[in-house]
Amino acid sequence: ELQNNGQDDLAVSANGPFKFSLNIAAGDSYAVTVRRQPAGQVCTVSNGSGVTSSSSNVTSIAVVCRSNVTIGGTISGLTGTVVLQNNGTNALATTANGPFTFTASIPSGAAYAVTIRTGPAGQTCTVSNGSGTATANVTNVAVACEAFTLRPLPALYGTGKAINYSPYRAGGPGA
């Protein structure tokens, strides 16, 4: 659904020319916007504002609609809660292994970048196939989680070895 100057709503359901019902006097401003996006699409307006002339109708306004696509994939090895995000926003928290899909879709042809916002306690997760340009639904993002373990420090007690620390380099101040 389109609007001109915040009024004159116009429902458009097919490709081709469109015309608002209210006429604008020569020399008046116009501003065409998308009032409501169609289901499953994102529409943008080009050349949507200006001032009318006395010599002709405005015919240079273009509205381009793109189908939305979803971003998703699979999670494996998860034992806690991971929070993923797409494009730095659209957070998705899950505790389940298996398929996932972000709730917000993006326009076809738009970039996506899936990252780990918050990892699960005691685990580290990595993302594969997490960025690109989406021209169709993306289903191959892989999130692999695994437990991380802290390795014990080498036992130095009783070996005659010591760990020395100096905040200065050899030959520097305090040497």
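The values are calculated or read from the model by the stated rules, or taken from the named source; none is laboratory data. Every value quoted in this text rests on a predicted model; they were computed, and no experiment measured them. Here the Cβ positions follow ideal geometry from the backbone for every residue, glycine too, while neighbour counts run over all protein chains shown. Side chains are part of the model used for accessible areas, which takes the heavy atoms of the whole protein and leaves out ligands, DNA and RNA. Shrake-Rupley method; radii C 1.70, N 1.55, O 1.52, S 1.80 Å.
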- Task: Evaluate segment 124-133: report whether one residue or more is within 26 Å of THR44 (Cβ to Cβ), at pLDDT 95 or above and either open to solvent by 40 Å² or more (accessible area, probe 1.4 Å) or β-branched (Val, Ile, Thr) (or both).
- Result: yes
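Which ones in segment 42-54 are open to solvent by 60 Å² or more (accessible area, probe 1.4 Å) and either of a type outside the set (A, V, I, L, M) or touching a helix residue (DSSP H, G or I) at 6+ places or on another chain (Cβ under 9 Å) (or both)? Let's see the steps before the verdict.
Here is the first cut: in segment 42-54, the residues open to solvent by 60 Å² or more (accessible area, probe 1.4 Å) are 44, 47, 49, 51, 54.
Residues satisfying the conditions are THR44, ASN47, SER49, SER54.
Would you call ALA25 exposed (fewer than 13 other Cβ atoms within 10 Å of the Cβ) and without any contact (Cβ under 8 Å) to a residue 24 or more places away in the chain? If you could, list the steps in order and put the result at the bottom.
Values: exposed (fewer than 13 other Cβ atoms within 10 Å of the Cβ): yes; without any contact (Cβ under 8 Å) to a residue 24 or more places away in the chain: no.
So ALA25 does not fit the description; no.
When the residues of segment 94-107 are narrowed to those that are under 12 Å from the mean Cα position of the chain (by Cα) and buried (at least 16 other Cβ atoms within 10 Å of the Cβ), which ends up nearest to ARG66 (Cα to Cα)?
Going residue by residue through segment 94-107, those that are under 12 Å from the mean Cα position of the chain (by Cα) are 102-107.
Cutting the leftovers down to buried (at least 16 other Cβ atoms within 10 Å of the Cβ) gives us 102, 105-107.
Values: PHE102: 18, SER105: 12, ILE106: 9, PRO107: 6 Å.
Here the residue is PRO107.
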- Query: Can you name the condition, by its number, that ALA31 falls short on among (1) open to solvent by less than 90 Å² (accessible area, probe 1.4 Å); (2) farther than 22 Å from SER108 by Cβ; (3) part of a loop (DSSP other than H, G, I, E, B); (4) not aromatic (Phe, Trp, Tyr)?
  - Reply: (3)
- Task: Would you mind finding the one in ALA121, ALA113, ALA91, ALA142 that is loosely packed, with under 14 Cβ neighbours inside 10 Å and farther than 27 Å from VAL64 by Cβ?
- Result: ALA121
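Of the residues that sit in segment 1-22 and are surrounded by 13 or more Cβ atoms within 10 Å (Cβ to Cβ) and among the charged types (D, E, K, R), which one is farthest from ASN137 (Cα to Cα)?
Residues of segment 1-22 surrounded by 13 or more Cβ atoms within 10 Å (Cβ to Cβ): 1-5, 8-10, 12, 18, 20.
Filter again for among the charged types (D, E, K, R), leaving 1, 8-9.
Working: GLU1: 25, ASP8: 35, ASP9: 32 Å.
Checking each candidate, the answer is ASP8.
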- Note on the structure: Among residues of segment 60-108 being among the β-branched types (Val, Ile, Thr) and free of Cβ contacts under 8 Å to residues at least 24 places away in the same chain, the residue farthest from GLY122 (Cα to Cα) is VAL64
